[in-house]
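So the structure is just underneath, and the comments pick up after that.
Read-outs: derived from the displayed coordinates by stated rules, not from any lab. The structure presented is a predicted model; accordingly, all values stated were derived computationally and were not measured. Here the Cβ positions follow ideal geometry from the backbone for every residue, glycine too, while neighbour counts run over all protein chains shown.
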């Protein structure tokens, strides 16, 4: 689809949708053309990803791209990976074998740092 044509061929609408993978609850919401899957922590994201069957991401990426949709995987409010129409995989994605998904290094680092900061704050509160 040409983006100047207006509406995408497929739109996704969600309200208060939760996806559970191996006991990890992932919040899902959308803006119509973009689907957001959110994990509360890096640990939860890794645990959920380990339960997803390994395989070729090209099929889901092609489907998302053909329907002009994008999925963002977020941890602690930071985008760590993108797949679909707006994904721009780079060298890291190709090295990790996840292209055409895009890995956002800054998002991964920010999510990990945010998690460490919240753990440090929780530890301080325990001893006050």
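What's the number of the only condition in (1) surrounded by 13 or more Cβ atoms within 10 Å (Cβ to Cβ); (2) closer than 22 Å to residue 97 by Cα; (3) free of Cβ contacts under 8 Å to residues at least 40 places away in the same chain; (4) over 11 Å from the mean Cα position of the chain (by Cα) that residue 78 fails to meet? Result: residue 78 fails condition (4) only.
For the stretch 31-57, the candidate set comprises residues that are in a loop (DSSP other than H, G, I, E, B) and in contact (Cβ under 8 Å) with a residue 12 or more places away in the chain; within that set, the residue that is nearest to residue 17 (Cα to Cα) is 40. If you go through the stretch 101-120 and keep only what is touching a residue at least 24 places away in the same chain (Cβ under 8 Å), touching a helix residue (DSSP H, G or I) at 6+ places or on another chain (Cβ under 8 Å) and buried (at least 20 other Cβ atoms within 10 Å of the Cβ), you end up with 101, 111.
Of the residues making up the stretch 58-69, those that are within 18 Å of residue 19 (Cβ to Cβ) and surrounded by 19 or more Cβ atoms within 10 Å (Cβ to Cβ) are 64, 69.
Report yes if residue 92 is assigned to a helix (DSSP H, G or I) and touching a helix residue (DSSP H, G or I) at 6+ places or on another chain (Cβ under 8 Å), otherwise no. So residue 92 fits the description; yes.
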